[in-house]
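Following: one structure in structure tokens, then a few remarks.
The values are calculated or read from the model by the stated rules, or taken from the named source; none is laboratory data. Just so it is clear, the model here is predicted, and its values are computed rather than measured. Cβ coordinates were reconstructed from backbone atoms using ideal geometry, including for glycine residues, and neighbour counts include every protein chain displayed. The accessibility values were calculated without ligands, DNA or RNA, using every heavy atom of the protein model including side chains. Shrake-Rupley method; radii C 1.70, N 1.55, O 1.52, S 1.80 Å.
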Amino acid sequence: MDKEMHVDFSKQQFGADFKWGVSTAAFQIEGSDNVDGKGLSIWDVFAARRGKIKKGHQPADACDFYNRFKDDIALVRELNISNFRFSLSWTRLLPEGSGSINYKGVDYYNRVIDFLLECGITPWITIYHWDLPHALELRGGWTNRDIVSWFSDYSEICAINFGDRVINWMVMNEPSVFTGAGYFLGMHAPGKKGLTNYLKAIHHSTLATVAGAQALRAQVHEANIGTTFSCTHIEPINQYQNNVLAAKRVDTLLNRTFIEPILGLGYPHSDLPVLKKIEKHMRPQDEKNMAFDFDFIGIQCYTREIVKSSIFVPYIGARIVKASKRKVPFTAMNWEVYPPSIYQMIKKFNAYKGIKKLLITENGSAFPDVIENGKVNDIDRTTYLQNHIGEVLKAKQEGFNVDGYFVWTLTDNFEWAEGFHPRFGLVYVDFNTQQRIIKQSGLWFKEFLK
Ligand code: BGC
């Protein structure tokens, strides 16, 4: 292995209980969108609309994980990764979102879980990673309060069917992203826009997170229950007061709006007044039903954002200064490479008394990989992972409670509205042939975990 591939820390320094893993999501990898009774999700419908996905990429086959899961799980084992995070496709299990169960879908996830266990890999399930049933979207999706009970019933079905073998659960993946991009900006499925949609989606996703967690707690007695949030270290462009205040509002929206109600602190509207409007959508018992005592919180951190005040952006009065405009290294997503961000986020979330344990449930990077002589020498991604893992160790050594690190992601996959172009995998995928090549970053991770 190349000299620059070595780091001056070891896996042992994280302790024997530290969880090393890799994260994936159903819609991004499975493909087989229309087989064995699966119903349509909002992402199936959104991706089929003209101009919604870059270059018109279509996710129908994705990485064909549905058919190749044994080979891909064998790769997880080969890379010495002992924890595998995946999400369940709601419409494989309940094609209409509620009502009758599709047992072919149950059977499929049973096979995935059983094979993971056979390989000695611990399964970690995410109940919801953005692929809402289209049938439920036709009834308002996340803007309809009934989603709380639809989601609770779905969570209960997941728990009943898989809870005999799966202990580790995450209820939601990044509610700030699926509500913000899907119901405010319209850039993600279902493509809705506007403040009212957004505020309703925020509140209903908070209530649903708790309802889902309660369903898991009731059904799976040994369950280790978490949920995940995206988070990003925010800094003002300079110390002028308007920019400092703008950065505070962005920090409130991106890093606090979703976790604080879950911890019983309510929505942080004193630092972001527009959140006060959520009260219109609240009912008397809601305050109580917004909080849950999670066993762990998953944080997902990729970059840092620099913020400037702007009178042109409604509600938040701030805008983000893109990395490509700032003379800093950045990834194929135009996200700055800034490893201390993950350290700052561990520190920030540790400051909440109500969080028992933190796990990094996603961290990774997309770069334009090239194959040379059958190999992908992705030095940038390898360095990115090494430096971020180094920051996690620094936080751990300073006494912050962080108990695991999951790389995003196993194989290159369907990166939502960006299509197949941004490659995040430890394993390269040729999307024409579905051939896999372990990248240098994957080989480094394997060696590190040995
Ligand atoms: C999401 C993933 C996504 C990744 C990279 C996270 O926000 O959970 O689904 O692929 O970031 O953008």
>> Can you report the number of residues in the stretch 27-47 which are within 22 Å of W142 (Cα to Cα) and not acidic (D, E)?
In response: 11
>> Looking only at the stretch 154-201, filter to residues that are among the β-branched types (V, I, T) and part of a loop (DSSP other than H, G, I, E, B); which one of those is surrounded by the fewest Cβ atoms within 10 Å (Cβ to Cβ)?
In response: I167
> Mind checking which residues of the stretch 144-153 are without any contact (Cβ under 8 Å) to a residue 60 or more places away in the chain and buried (at least 18 other Cβ atoms within 10 Å of the Cβ)?
Replying inline: W150
>> Please go through the stretch 358-370 and give me each residue that is open to solvent by less than 80 Å² (accessible area, probe 1.4 Å) and either more than 16 Å from the ligand (Cβ to nearest atom) or assigned to a strand (DSSP E or B) (or both), ordered by number.
In response: L358, L359, I360, T361, E362
> Considering P236, P261, which residue is under 30 Å from G21 (Cα atoms) and more than 16 Å from the ligand (Cβ to nearest atom)?
Replying inline: P261
> All but one of (1) open to solvent by 40 Å² or more (accessible area, probe 1.4 Å); (2) of a type in the set (V, I, T); (3) in contact (Cβ under 8 Å) with a residue 60 or more places away in the chain hold for T126; which doesn't?
Replying inline: (1)
>> It is to be established whether one or more residues within the stretch 398-419 are away from the ligand (no atom under 15 Å from the Cβ), out of contact with any Phe, Trp or Tyr (no Cβ under 9 Å at 6 or more places or on another chain), open to solvent by 30 Å² or more (accessible area, probe 1.4 Å) and assigned to a strand (DSSP E or B).
In response: no
> In the stretch 338-356, is there at least one residue being within 15 Å of the ligand (Cβ to nearest atom), assigned to a loop (DSSP other than H, G, I, E, B) and either crowded, with 23+ Cβ neighbours inside 10 Å or of a type in the set (F, W, Y) (or both)?
Replying inline: no
> Can you tell me which residue in the stretch 377-397 is farthest from the ligand (Cβ to nearest atom), limited to those that are closer than 23 Å to I437 by Cβ, open to solvent by 30 Å² or more (accessible area, probe 1.4 Å) and assigned to a helix (DSSP H, G or I)?
Replying inline: I379
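Can you say whether G374 is at pLDDT 95 or above, in contact with a Gly (Cβ under 8 Å, 6 or more places away or on another chain) and open to solvent by 40 Å² or more (accessible area, probe 1.4 Å), as far as the supplied structure shows?
Values: at pLDDT 95 or above: yes; in contact with a Gly (Cβ under 8 Å, 6 or more places away or on another chain): no; open to solvent by 40 Å² or more (accessible area, probe 1.4 Å): yes.
Against the criterion (at pLDDT 95 or above, in contact with a Gly (Cβ under 8 Å, 6 or more places away or on another chain) and open to solvent by 40 Å² or more (accessible area, probe 1.4 Å)), G374 does not qualify.
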> Which helices (runs of 4 or more DSSP H) does the stretch 204-306 wholly contain that include 3 or more residues that are over 24 Å from Y128 (Cα atoms) and open to solvent by 10 Å² or more (accessible area, probe 1.4 Å)?
Replying inline: 241-251
> If a residue has to be within 14 Å of the ligand (Cβ to nearest atom) and open to solvent by 10 Å² or more (accessible area, probe 1.4 Å) to count, how many in the stretch 420-450 make the cut?
Replying inline: 3
> Can you pull out the residues in the stretch 85-98 that are small (G, A, S) and open to solvent by 10 Å² or more (accessible area, probe 1.4 Å)?
Replying inline: S98
> If you check D71, D8, which single one turns out to be acidic (D, E) and free of Cβ contacts under 8 Å to residues at least 12 places away in the same chain?
Replying inline: D8
> When you scan the stretch 85-150 for helices (runs of 4 or more DSSP H) that lie fully inside it, which ones turn up with 1 or more residues that are within 15 Å of F27 (Cα to Cα) and within 16 Å of the ligand (Cβ to nearest atom)?
Replying inline: 90-93
